[in-house]
Amino acid sequence: MTSLRSKILTSYGLSMAAMLIIVAIVIADLHYLQTHIIEGEAVQDLSDASQKIRRDEKNLFLYHDPNDLEQLRQQLDVARNALTEGERVFAAIVGPDELQQLELALSSYSIQLKQYANLSPSQRPAKQEEIRTTGQQLSVLSQDLEQSQRGILTETTSVAARTLMIASVTVILIGVG
């Protein structure tokens with residue numbers, strides 16, 4: 001028969017080992033969650049740039065100010081940079097086909113904008129509609145990307161919460177045992 005002291009030490013050791021395992025699992029979950037939050041920032045940067053592009057586009061067509069054209073070009077550069085920097089993240093979120101559509105929309109928009117700048121004022125209204133259509137497509141694609149990222153983040157937080165709940169129940173059961 002084992003002594004009471006050895007039983008207490010054994011149960012204490014087992015509970016500490018279980019606690020360390022649970023802490024490791026929770027830390028891994030939090031790291032996974034943090035990774036998805038950082039990915040969400042890249043998606044947000046692209047989405048913000050897309051919204052600013054649409055705003056600058058509206059200002060350009062409404063006021064015909066050359067400064068608005070320059071701001072629009074700058075926002076296109078911001079969007080391209082966000083897409084380039086987050087390419088791996090975006091491909092993982094929406095897949096290569098949707099990523100290619102996004103790259104194509106940005107490229108088409110840029111080309112159309114260059115063509116618009118070289119047109120006479122009487123020829124611009126027809127090009128404006130083409131630019132608006134491409135801008136709308138860009139906006140929809142970036143919103144889809146953002147929505148997919150939110151879904152992934154929601155699922156990740158649910159998994160982390162379930163893991164924490166299971167860990168808590170395990171600790172309680174070990175304590176009772």
> If you scan the stretch 111-141, which residues turn out to be farther than 17 Å from Q74 by Cβ and either of a type in the set (S, T, Y) or not in a helix (DSSP H, G or I) (or both)?
Replying inline: N118, L119, S120, P121, S122, Q123, T133, T134, S139
> So how many residues does the stretch 153-177 have that are touching a residue at least 24 places away in the same chain (Cβ under 8 Å) and either of a type in the set (G, A, S) or under 26 Å from I38 (Cα atoms) (or both)?
Replying inline: 10
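All of the numbers you see were taken from the coordinates with simple rules; none came from a lab. Note that the coordinates shown come from a computational prediction; the quantities given were computed from them, not determined experimentally. All Cβ positions, even for glycine, are placed from backbone atoms using ideal geometry, and neighbour counts span all protein chains on display.
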